[in-house]
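The next block holds one structure in the form of structure tokens; read it before the comments.
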Amino acid sequence: MWDLTWLFLGLGTIYFASIFYFRNKIASKEKQVTKKKRELSPIISEFLFYEENATKEEKSNYIKLKIEIRELLKNDFNRQVLSEVLLDLQKDVSGNTEKRVFELYQDLGLHLDAYKKLRSWKWQVVSKGILELTQMEVFDSYSFIKKFINDKRSVIRKQAEIATVTLKNDGLSYFLDTTKYKISEWQQLKLLEVVRNHKDFDPPKFSAWLTSSNRHVVLFSLRLIKYYNQNQSYSSIIELVRHRNHQIKEEAISCIKKFQIIEAKDTLKSVFWKCNVHVKILILDTIASLGNKEDIGFLKLAVNRETNFVTKNKALSAINAIVPETIMPTEGIAQVDMDSIQTLKEAEDNFTAFDKALEMEDIDPNPIDSDTITLEDEIETNKIEKNLDNQDSTQELEGEAIATENTLEENLEAMEIESTLDIEISEEFEEQAEDVQEIEEVEQIEEEVEVDLGIEEKLNDTYLPPEVVITEEEEKELLENELGINFLPFVINEEEIEAEEFMATSTTNIFNNNFFEQDSYNKILLLDTLEDLGGKKEIPFLKEIIEKDTSETIRERALEILNEFSETEYHINKKDAILYVNNAPINGDSVFKQLFNTSDRATKLVLLDEIMGIGDKKELAFLNSLENQNDPTISEKVKLVKRELEKRTHYQKTASSDSNEENEILESDVIFPLNDQSFQLQQSITYNSSKSSKESTQRKNNKGQIPLEFCFLLDELEIELPKPMGIFNIDFELTEEFYKNQAKNVSYNKNKKKE
Amino acid sequence: MQEKKRLLLADDDELLASLISFRLEKGGYEVCLKRDGKEVKEYLSQNIPDIIVTDIMMPYFSGIELIDFVRNQLKSNIPIIVISSAGNEENVLSAFELGANDFISKPVSPSELLVRVARELNKT
């Protein structure tokens with residue numbers, strides 16, 4: 001064990017000692033070389049910059065230095081250092097100094113050392129010798145170096161190749177003639193670089209080497225032909241397209257393209273099918289460059305027969321290169337029915353013509369006063385989806401749309417001529433008329449026609465100009481003469497005609513006819529439309545509905561709209577459906593009256609609090625009657641509640657006047673004055689202005705509703721409110737927090753009652 | 001006797017610097033040879049030469065920095081000739097932007113450099 005330890009220790013010591021020794025030896029040699037270089041550099045500089053016209057002193061100094069250097073050169077180390085110095089210098093200097101360096105190198109006989117190196121058996125020494133002779137431009141060494149061109153050691157061979165080409169103008173020819181080995185790509189580049197920088201280099205005709213048995217020589221020759229633009233050897237180049245080697249083939253094709261050898265087209269076509277993808281692409285590229293219409297057939301064949309995507313694409317682009325836009329882009333392009341587009345264009349033209357015709361007429365530009373009606377068109381259109389799948393249905397719908405447009409056009413013209421209506425058509429009309437063409441809108445229209453309801457609404461929503469203002473007299477005239485037929489743009493099916501005929505029986509309002517004959521749902525829809533589009537002029541009609549209609553819901557809805565249009569508040573006597581105005585005090589309407597009369601003092605106070613919280617105008621009349629109560633507390637409380645109620649009703653009126661704004665926030669603020677403590681429940685529902693008119697209608701319906709929280713409270717207090725004035729749906733949920741608060745308030749309220 | 005113009009030659013290539021220095025001395029200049037940027041800076045803090053010939057690539061302190069130092073720190077307008085290897089155009093442009101007067105590329109022709117130095121000194 002110890003023996004092995006000693007052995008390894010010994011080996012380790014030897015190893016590190018040898019490293020230390022060799023490292024120091026190299027370092028010391030480096031130092032010596034540096035020192036020697038510093039010694040030699042002034043001498044070299046003196047030699048390099050010595051001039052014949054120097055002074056005697058300089059001449060004598062020069063001679064001394066020459067003698068000195070001869071002495072130094074007797075030492076091999078000095079010779080080596082001097083060679084290195086000169087080799088380094090020749091890289092950094094140019095011009096006359098460089099020439100002087102070359103001359104000095106040979107004058108000092110240093111090239112003989114390089115020759116000696118050529119005889120070495122070590123490849124690196126030989127290579128270094130060749131490099132020295134090449135760098136120092138020892139031209140006489142050419143005959144010695146060229147022997148190494150076919151040396152089996154690749155480093156020597158490559159060095160010899162460069163030396164041969166560098167040292168003599170004919171060196172390249174000799175090299176191409178004699179080399180048997182592969183010429184690597186890198187080596188070709190280096191040789192080309194040497195040739196390129198060679199002074200007075202006269203390039204031989206490289207086509208001579210196109211017949212070489214060494215394919216690398218052929219390849220290099222082709223590249224040189226291309227580089228030196230030697231375009232005399234077309235036949236050889238064309239022939240090389242058939243070469244088995246793909247690189248040569250590619251280079252030959254490249255030459256063909258560069259020299260525009262049209263004769264090569266047939267050869268290119270013939271070899272095309274047997275080539276690899278890369279060569280095929282090159283051939284197609286070349287044909288695209290050289291070809292004409294006659295070659296389209298071949299290219300189309302290539303498109304059909306080739307399975308490779310790139311080749312196919314190249315063939316297509318070649319076709320387009322020869323005859324531009326022969327092949328149109330197809331990928332990712334949706335196909336469009338051109339007939340439908342044509343039809344739509346015609347429709348567009350019709351509308352444009354109609355618009356122009358309107359402009360030519362004497363249209364009263366003055367807007368009509370409050371007795372006019374305005375029909376708003378709120379068409380929301382979608383873009384045309386050019387889809388093959390929907391093509392058939394699209395055509396049908398488009399046809400219908402065109403019919404619609406044409407009918408509308410005729411109707412409007414008739415209206416204008418017969419009734420001499422003053423019609424204002426906004427700029428939007430034209431855009432909307434174009435929008436009518438859009439397929440999705442047409443689909444929607446078809447559905448609407450089939451439903452056979454709300455025709456007027458859809459008509460107004462869809463096809464009427466956005467603003468058609470008609471005076472009252474004209475309206476009457478219109479209603480008598482045109483309304484039944486001409487306001488309906490759809491001449492599509494029998495159902496629609498029936499609807500038109502049905503509407504024609506109306507003498508008072510355009511909504512009248514539909515209303516009495518439709519079912520309740522349709523009636524409500526019509527009322528919604530009426531609410532959106534109508535105005536004060538609908539008041540008589542609404543009154544008629546309230547008095548004549550049998551459905552309570554419809555009557556209530558009509559009443560709601562009536563109250564909306566009217567400045568006066570109307571009410572219905574439900575038993576005999578009598579409509580009356582809410583100007584006079586209606587004591588009996590207050591829900592609190594009966595309860596109040598039968599309650600004790602504490603309950604009365606609580607009820608008054610409730611009236612303050614939830615009461616409206618009805619309670620005001622009731623409160624008036626209570627002002628002269630015997631109990632001063634109740635009397636004062638009544639006055640207080642009355643004041644609060646009056647304030648709130650005033651606020652509600654103000655708020656309702658702003659209800660038509662676009663972004664509306666409906667607030668239902670209910671104040672519960674429960675024994676000096678009040679809490680406010682607030683519901684805020686923000687409506688987006690972009691919502692449909694239907695939503696708008698629903699929103700308006702909610703205006704007369706009480707908040708849900710208050711419903712719960714009333715339920716707890718067992719108070720019954722009058723029936724709601726409209727139809728509404730609860731579409732929100734209450735949080736747990738609300739229920740907790742609610743329970744707390746109710747219990748608090750009950751305790752108060754007990755007290 | 002006319003006083004010799006002082007020339008600062010900054011180049012880390014000893015052999016080439018020695019050769020150029022020899023040629024410039026022979027051309028009548030008093031050449032101060034410095035191997036790197038530090039030496040140059042030290043020298044310049046005490047002496048101001050008539051002209052500077054500098055290599056761009058130097059240890060510690062490049063030729064570009066030297067120009068910047070001379071122009072912005074020393075606020076001196078002494079002529080500066082830059083020596084640069086071929087294919088280093090960007091540095092040459094930077095040198096000119098900073099205030100270099102002339103440029104010569106490697107391999108250097110010492111005779112050409114001598115002419116350029118003389119021309120720059122004559123300008124001043």
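The values are calculated or read from the model by the stated rules, or taken from the named source; none is laboratory data. In this text, all values refer to a predicted model and were calculated from it rather than measured experimentally. Note: ideal-geometry Cβ built from the backbone for every residue, glycine included; neighbour counts use all protein chains shown. When the accessible area is computed, the model is the full protein with side chains, heavy atoms only, and any ligands, DNA or RNA have been set aside. Shrake-Rupley method; radii C 1.70, N 1.55, O 1.52, S 1.80 Å.
Remarks
- All helices (runs of 4 or more DSSP H) inside the stretch A:95-154 with 1 or more residues being aromatic (Phe, Trp, Tyr) and under 22 Å from residue A:174 (Cα atoms): A:110-118, A:142-145
- Output for the stretch A:306-318, where each listed residue is without any contact (Cβ under 8 Å) to a residue 24 or more places away in the chain and either part of a helix (DSSP H, G or I) or in contact with a His (Cβ under 6 Å, 6 or more places away or on another chain) (or both): A:309, A:312, A:313, A:316
- In the stretch A:49-98, the residues that are hydroxyl-bearing (Ser, Thr, Tyr) and either more than 9 Å from chain B (Cβ to nearest Cβ) or open to solvent by 50 Å² or more (accessible area, probe 1.4 Å) (or both): A:50, A:55, A:60, A:62, A:83
- Residues being open to solvent by 10 Å² or more (accessible area, probe 1.4 Å), among the acidic types (Asp, Glu) and within 14 Å of chain A (Cβ to nearest Cβ) are entirely absent from the stretch B:32-44.
- Failed condition for residue B:95, given (1) touching a residue at least 12 places away in the same chain (Cβ under 8 Å); (2) within 14 Å of chain A (Cβ to nearest Cβ); (3) surrounded by 14 or more Cβ atoms within 10 Å (Cβ to Cβ); (4) not in a strand (DSSP E or B): (2)
- Within the option set B:115, B:70, B:108, being more than 28 Å from residue A:84 (Cα to Cα) and within 12 Å of chain A (Cβ to nearest Cβ) holds for one residue only, B:115.
- Selection status of residue A:33, within 10 Å of another protein chain (Cβ to nearest Cβ) and open to solvent by less than 30 Å² (accessible area, probe 1.4 Å): no
- Count of residues meeting criterion [surrounded by fewer than 18 Cβ atoms within 10 Å (Cβ to Cβ) and more than 14 Å from chain A (Cβ to nearest Cβ)] in the stretch B:6-31: 2
- Of all residues in the stretch A:103-112 being crowded, with 18+ Cβ neighbours inside 10 Å and not hydroxyl-bearing (Ser, Thr, Tyr), the one that is farthest from the other protein chains (Cβ to nearest Cβ): A:111
- The stretch B:73-86, residues that are open to solvent by 60 Å² or more (accessible area, probe 1.4 Å) and more than 14 Å from every other protein chain (Cβ to nearest Cβ): B:73, B:75, B:77
- Boolean, residue A:40 is in contact with a strand residue (DSSP E or B) (Cβ under 9 Å, 6 or more places away or on another chain), under 24 Å from residue A:93 (Cα atoms) and within 13 Å of another protein chain (Cβ to nearest Cβ): no
- Filter result (of a type in the set (Val, Ile, Thr) and over 16 Å from residue A:165 (Cβ atoms)) within the stretch A:176-215: A:211
- Residue within the stretch A:261-284 that is under 22 Å from residue A:322 (Cα atoms), surrounded by fewer than 15 Cβ atoms within 10 Å (Cβ to Cβ), at pLDDT below 95 and among the aromatic types (Phe, Trp, Tyr) present: yes
- Residues in the stretch A:110-136 that are among the acidic types (Asp, Glu) and under 17 Å from residue A:161 (Cβ atoms): A:132 only.
- Any hit, the stretch A:9-24, residues being within 14 Å of another protein chain (Cβ to nearest Cβ) and either under 17 Å from residue A:104 (Cα atoms) or open to solvent by 40 Å² or more (accessible area, probe 1.4 Å) (or both): no
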